[in-house]
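Asks: Structure incoming, see below.
Just so it is clear, none of the values below were taken in a lab; they were calculated from the coordinates. Just so we're clear, the structure is a prediction, and the values are computed from it rather than from any experiment. Glycine also receives a Cβ, built like all others from the backbone with ideal geometry; neighbour counts cover every protein chain displayed.
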Amino acid sequence: MASDATAKTIYRPDDVAGLSYAEDLNDPGAYPYTRGARAARPKLGAWIQRELSGEGAPSRTNAQFKYLIDSGANGLDVIGDTPTMACLDPDHPASAHAVGTQGVSLCSLPDYRELYADLPLDGLTISHSLPASFGIAGLYLAAKERGIAPARLRGSTIQAPFYCEDCGYSIHMPFDLRVRLAADSIEFAAREMPKFHAFIEDTYYISEGGLDPVEEMALGFVEIRYIVRELLRRGLAIDSFAPRIAILVNCRMDFFTEIAKIRATRRLFARMLREEFGATDPRSLAVNIASHTSGLSLTAQQPVNNIVRGTVQALALALSGVQAIEVSGFDEAFRTPSPEAHLVGLRTQQVIQLEADVTKVMDPLGGSYYVEALTNEMEQRILALVERIEAMGDASGLCDNGWFRGLFQDAMERYAREIRDGERAQVGANIHRVPDDEDTLLREVAERKIEPCRERIDAIRAFKRARPAGDVAAALREVHRVARGADNLMAPIIAAMMAGATMGEITGVMRTAYGRVYDPFGMTACPI
Amino acid sequence: MPDLKPIRVLISMLGLDQHEVGAITAARLLRDAGMEVIYLGRFNLPAAIVKAAADEDVDVIGLSCHSWEYMHYLGELFELLRARGLTIPVVVGGSVITREDEGRLRAQGVAAVFGPAVPAEDIPEAIRRVVRGPQPAV
């Protein structure tokens, strides 16, 4: 990255001459939280260790969850398949060949019951990479049905209203509806599920297109600031929802840059929330940071090298004092993680925690001339880019006129060119290659494919036929009515799921309330 | 006499695959190599791809694949091309394409396959060969 080009080979006290321990660093758990969000390590002894999971029908993912918990995971992260992420039901014609192959297929309330069956929902944290309103509604309902108070639920969900259409989570909704659903679900969870982080700013997927760490965090802060202002505009007090904001960051191979990025992000967030938004609750200022190691940095060539990359990145994250880590599967270039990759990811974290013993001291790199200088530099550059973007005008305009999309496209092209030209080394891919026919280690595991879960398509068709059609139609009409007004959409969404409506149907009627077509593919008819 | 008309190439993704990095990079690479790129982007089913290929009178269809949907959609795509009497060659690229897939894809009629081991700089030349046949050495 650019800062490396200007980096010196040695850093000295004068590189951090203006640094004040009390104002710029302070102890972990104290403002401005540069050195860590918490004063003490969690009781678990380390961070939340989890691995991205989801494939096939909800029952198959439930079995995957149990395997991970038995293997030592102390958190879960569920990801939907591509139809689910696009808010399409499995019986939509465009879903046919993608059901359950790159995540779990979820569209109805019974799916969530099955997904969470037997799990101690009030005793573990579940992170959701799902369309947020539906993930929250599904967890809320599944817990209530089992007599578990939603107020006891822990975990999180990503909110991606700004960049989802451009960066891989397209749901074919207008900007205003995307922002409203994010704000509605955050507002709902702040009231009903106060321990649940309903607002994860996901800078990971933004960064995976090839944006550099400064751009990653700047775009993340632009979105956070917009949503915070929207919630304040609704009359919410900043300290009523700010403690539930968290950030999910990427960690690529630029070891010290990534560590500095995370430390700078904590400081920037704390200063922003206190000085600009007037938060006073310490929990509003100390932002939780979750993290994934970078899928983009992994290669299809010599997949075993990806285990080494995951280790280096996870070590950087452990040294940064993040709250949760996921190690991307060594088979990431080919698929969502295989059971083998899941286990390697968990074991990587366990070895770092239990054998390398790097968490005995908090923020062990604090005070390093280099790390502190780099942290200062990252903070300044991120803030400068946030200010530059906000000076360009309203973010909805930047979304709608394709300014962000242009930024992503340039970044993708830039990253690919750096790899192609060898400017960014990738061992096994653009340097130290081996002939393709000798590249066999772990290839068989990585290249194994999952067949689409076609039984799901039949099962959802049968489910839809068996529903009380009148109830479903009435519930969908109510979603449509509320969507045309200004009330919170979570109540009618939850009621519609209870009546048997599916995510595809609920999403479709919300689209029509905003003047869009029910089905962006033009292949299914609106049921009301 | 060499054909000086630029090659027209349609770049598309299939089904619900949202991983667009490869498609965008390929589009820019081919444009930089002097080709005319019609970029169809994400969320296209075979019927839409074939219609666009016919409407735009392209010389070649390039599919960027980062989900496994190509395993299931290519048969339909070739049927639709045949039904319209089109003989436009189809090339497929993406990191998820394995060596075994490559054989299967070629048997189905795919003219060139760019798996993860293929250097990006080889792609424009391979597409030229697919469209114009082997060029005599100068």
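Asks: Would you please put A:441-449, A:378-386, A:230-238 in order of how densely packed they are, using the mean number of other Cβ atoms within 10 angstrom per residue and starting with the highest? Working shown, then result.
Replies: Details: A:441-449: 16.7, A:378-386: 19.2, A:230-238: 14.6.
Top to bottom by mean Cβ count within 10 Å: A:378-386, A:441-449, A:230-238.
Asks: Grab the Cα-Cα distance for A:ASP357 and A:GLU23, subtract it from 0.36 nm times how many residues apart they are, and report the gain in nm with one decimal. Before the final figure, lay out each step's value.
Replies: Details: separation 334, 0.36 × 334 = 120.24 nm, distance 2.94 nm.
Gain on extension, A:ASP357 to A:GLU23, equals 117.3 nm.
Asks: Calculate one ³J(HN,Hα) per residue across segment A:65-81 by plugging θ = phi - 60° into the Karplus curve 6.51 cos²θ - 1.76 cosθ + 1.60, and present them in order as whole Hz with x for glycine and proline.
Replies: 4, 5, 4, 5, 5, 4, 8, x, 5, 10, x, 10, 9, 9, 10, x, 6
Asks: Considering every pair of different Cα atoms, what Kirkwood radius, in Å, is found for segment A:241-351?
Replies: Numbers: mean 1/r = 0.0674 Å⁻¹.
Kirkwood radius, segment A:241-351: 14.8 Å.
Asks: With 10 Å bins from zero, work out the P(r) of segment A:167-278 over every alpha carbon pair and list the percent per bin.
Replies: Going out from 0 Å in 10 Å bins, segment A:167-278 shows 13, 43, 34, 10, 0 percent.
Asks: Apply the Karplus parameterisation 6.51 cos²θ - 1.76 cosθ + 1.60, with θ equal to phi minus 60°, to every residue of segment A:433-447 and state each ³J(HN,Hα) to the nearest whole Hz, in sequence, with x for glycine and proline.
Replies: So the Karplus estimates, Gly and Pro as x, are 7, 10, x, 4, 6, 9, 8, 10, 4, 6, 4, 4, 5, 5, 8 Hz.
Asks: Also, quick follow-up: Sorted from largest to smallest, which semi-axis lengths in Å does the alpha carbon gyration tensor of chain A give for its equivalent ellipsoid, taking the root of 5 times each eigenvalue?
Replies: In descending order, the three semi-axes are 36, 27, 23 Å.
Asks: List the residues, sorted by chain then number, that are 5 or more residues from A:PHE199 or on another chain and whose placed amide H is less than 5 Å from its amide H.
Replies: So A:PHE199 has HN proximity to A:THR157, A:ALA246.
Asks: So if we plug the beta-carbon distance of A:ILE69 and B:ALA83 into 1/(1 + (r/R0)^6) with R0 = 41 Å, what FRET efficiency do we get, rounded to 0.05? Numbers along the way, then the final one.
Replies: Working: r = 51 Å, r/R0 = 1.25.
The value I calculate is 0.20.
Asks: So what is the diffusion coefficient of segment A:470-528 in µm² per second by Stokes-Einstein at 20 °C and 1.002 mPa s, using a Kirkwood Rh over Cα pairs? Show your work: numbers first, answer last.
Replies: Working: Rh = 11.1 Å.
Roughly 192 µm²/s, to the nearest whole number.
Asks: By how many degrees, between 0 and 90 and to the nearest 10, does the Cα long axis of helix A:132-145 differ from the longest principal axis of chain A?
Replies: For helix A:132-145, the angle is close to 70 degrees.
Asks: Under 29 Å Cα to Cα from A:LYS261, which lysines show up? Leave out anything in the same chain fewer than 8 places away.
Replies: A:LYS8, A:LYS43, A:LYS195, A:LYS360
Asks: Another question, then. Contact order normalised by length for chain A, with contacts defined as Cα pairs under 8 Å and 6 or more residues apart; what percent is it? Mind dumping the intermediate values first?
Replies: Numbers: 928 pairs, mean separation 97.3, N = 528.
Dividing the mean separation by the residue count of chain A yields 18 percent.
Asks: Please list the equivalent ellipsoid semi-axes of segment B:8-132, computed as the square roots of five times the alpha-carbon gyration tensor eigenvalues, in descending order and whole angstrom.
Replies: On the way: eigenvalues 65, 58, 42 Å².
Equivalent ellipsoid of segment B:8-132: 18, 17, 15 Å, largest first.
Asks: Using each residue's phi in segment A:319-330, evaluate 6.51 cos²θ - 1.76 cosθ + 1.60 at θ = phi - 60° and report the 3J(HN,Hα) Karplus result to the nearest Hz, with x for Gly and Pro.
Replies: My calculation for segment A:319-330 gives 5, 7, x, 7, 7, 8, 10, 10, 9, 4, x, 5 Hz in order.
Asks: To continue, here is another question. In terms of modelled amide H atoms, which long-range or inter-chain residues lie less than 5 Å from the amide H of A:SER127?
Replies: Amide H to amide H, under 5 Å and 5 or more residues apart or across chains, A:SER127 pairs with A:LEU76, A:ASP77, A:VAL78, A:SER156.
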